[in-house]
1. So for the stretch 356-366 (the condition being in contact (Cβ under 8 Å) with a residue 40 or more places away in the chain and either open to solvent by 40 Å² or more (accessible area, probe 1.4 Å) or part of a loop (DSSP other than H, G, I, E, B) (or both)), does at least one residue qualify?
2. Could you tell me whether Q386 is polar (S, T, N, Q), modelled with pLDDT of 95 or more and either outside any helix (DSSP H, G or I) or open to solvent by 60 Å² or more (accessible area, probe 1.4 Å) (or both)?
3. Look through the stretch 175-227, keep the residues that are among the polar types (S, T, N, Q) and under 15 Å from D163 (Cα atoms), and return whichever of them is most open to solvent (accessible area, probe 1.4 Å).
4. Scan the stretch 330-355 residue by residue and report those that are open to solvent by 10 Å² or more (accessible area, probe 1.4 Å) and either of a type in the set (S, T, N, Q) or touching a Gly at 6+ places or on another chain (Cβ under 9 Å) (or both).
5. Just to be sure I understand the filter: pairs with C-beta atoms under 6 Å, separated by 6 or more residues or on different chains, first member in the stretch 277-304 and closer than 22 Å to P201 by Cβ and outside the structural domain of M397 (by the TED database), second member at pLDDT 95 or above and part of a helix (DSSP H, G or I). Which pairs pass?
6. Within the stretch 240-257, is even one residue loosely packed, with under 15 Cβ neighbours inside 10 Å, out of contact with any helix residue (DSSP H, G or I) (no Cβ under 6 Å at 6 or more places or on another chain), modelled with pLDDT of 90 or more and part of a loop (DSSP other than H, G, I, E, B)?
7. Could you go through the stretch 52-74 and let me know if any residue there is at pLDDT below 50 and either of a type in the set (G, A, S) or in a loop (DSSP other than H, G, I, E, B) (or both).
8. Which condition from (1) at pLDDT 95 or above; (2) assigned to a loop (DSSP other than H, G, I, E, B); (3) over 30 Å from H157 (Cβ atoms); (4) aliphatic (A, V, I, L, M) is the one that A343 breaks?
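The values are calculated or read from the model by the stated rules, or taken from the named source; none is laboratory data. These numbers were taken from a predicted model, which means no experiment stands behind them. Cβ placement follows ideal geometry from the backbone for every residue including glycine, while neighbour counts extend to all protein chains displayed. Ligands, DNA and RNA are excluded from the accessible area calculation, which covers all protein heavy atoms including side chains. Shrake-Rupley method; radii C 1.70, N 1.55, O 1.52, S 1.80 Å.
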Amino acid sequence: MHVTHSMKSELKGTSISLQNSNSLSNTTPHNPLSGALKGSLVSLDGACIEKLLFHCASALESNDITLAQQLMWVLNNVASPLGDTNQRLTSWFLRALISRALRICPTVVNFKGSNNTFQRRCMSVVELAGYVDLIPWHRFGFCASNNEILKAIEGFHRVHVLDFSITHCMQWPTFIDALAKRPEGPPSLRITVPSCRPHVPPLVNISTQEVGQRLGNFAKFRDVPFEFNVLGNTPPILTSSELGNESSSFHFESMLSLLNPSVLNLREDEALVINCQNWLRYLSDDIKGSPQNLSLRDTFLNIVKSLNPRIMLLVDEDCDLSAPTLTSRITTCFNHLWIPFDALETFLPKSSSQRTEFESDIGQKIENIIGFEGHQRIERLESGMQMSQRMRNAGYMSLPFCDETVREVKALLDEHASGWGMKKEEGILVLTWKGNSCVFVTGWVPSDMRDHIDVDGN
């Protein structure tokens, strides 16, 4: 095969070397890599690792198991779950590649680098608070969204938030606190959440109803009138034996019929807010079998637009991982998920259990992005620019961020390491780490409501 031959030729000419290369040279008598692979691989930089990952992905897509296995041997000598940033990240990519290879060829050798295990467990609420505070990956979106919501609901005495997020309402205590401080007094707050969520970290050890009860207790303490509703039938809390099945139970299609004014009990005198945090990526973008030629993702956007929200907040990671082929997304995935690994490296020791657990959650994401295709690949990120175009196509108008939001976000980032920053791009607020885009926040209204909304951003 021409592609395989060119890969082998390129790898022959590299300066990459391999420690303990006997195992590799014994794999095939005339190994195309054996002449170049000598010495130590531990110090390989990210660019070399990217190239190895790309070639391994290409070999797997070409069903060249021999070449893929050789490349995995090289990656195995780089990977270390307790090493530096690149080594730890490589160990998770190796695990995902092996998982994919085993489905093609069950006799693929298992390597030491694939032995890291997911530290999946259900956290307490206190542990979850520490989890989201570790780096501003989630708090950035919370802070920017909350400030824009506060601006959008000025003058309203009733507020209804439809909350589609994966962080179990961790966004709302600070929002409730801000409402309590309103000079004219707090409005009544109603939060409605769907009963189902994607089976992804973080997971908690209490039910959605109990989450609502705790929010209600805090709202009562802050003298904010509060109501909490769960939309649909609430599933039971997962057992430990069910924590490994990430693609099994998120069937959001059944919830769409419930997103109507009657079921939601929408009221004319309340400001409706749609909050989507790390959510849309889990809604299928496949249009096959759709009678209206619309994906679930676009159908959802059309339905919530028909509810005439005062504002819709959209937050997710700023990276395009929607490409249909492994080779077209593996290096993008490596570069993007290097960011949280590198950020954790700056302040947590290599042996930190908190660091290991956070990285393990990212590892689960890597395994899904790299190891699976079809309906089993549920991690389908779009970049902020791509998602903004999707929103415009769906009939939404972008809202600029006000100066107060920018100040609040900068204050939040000042509490974290100096590598974190922020930039504004065409109506998008972006969290950065060492200049690399991490998370985006955007605000939207249905285009036909533009005359009723202040869009000057002041």
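1. Yes: the stretch 356-366 contains one or more residues that are in contact (Cβ under 8 Å) with a residue 40 or more places away in the chain and either open to solvent by 40 Å² or more (accessible area, probe 1.4 Å) or part of a loop (DSSP other than H, G, I, E, B) (or both).
2. Yes.
3. The extreme case among them is Q209.
4. Correct list: T331, T332, N335, W338, D342, T346, K350, S351, S352, S353, Q354.
5. none
6. No; the residues of the stretch 240-257 include none that is loosely packed, with under 15 Cβ neighbours inside 10 Å, out of contact with any helix residue (DSSP H, G or I) (no Cβ under 6 Å at 6 or more places or on another chain), modelled with pLDDT of 90 or more and part of a loop (DSSP other than H, G, I, E, B).
7. no
8. (2)
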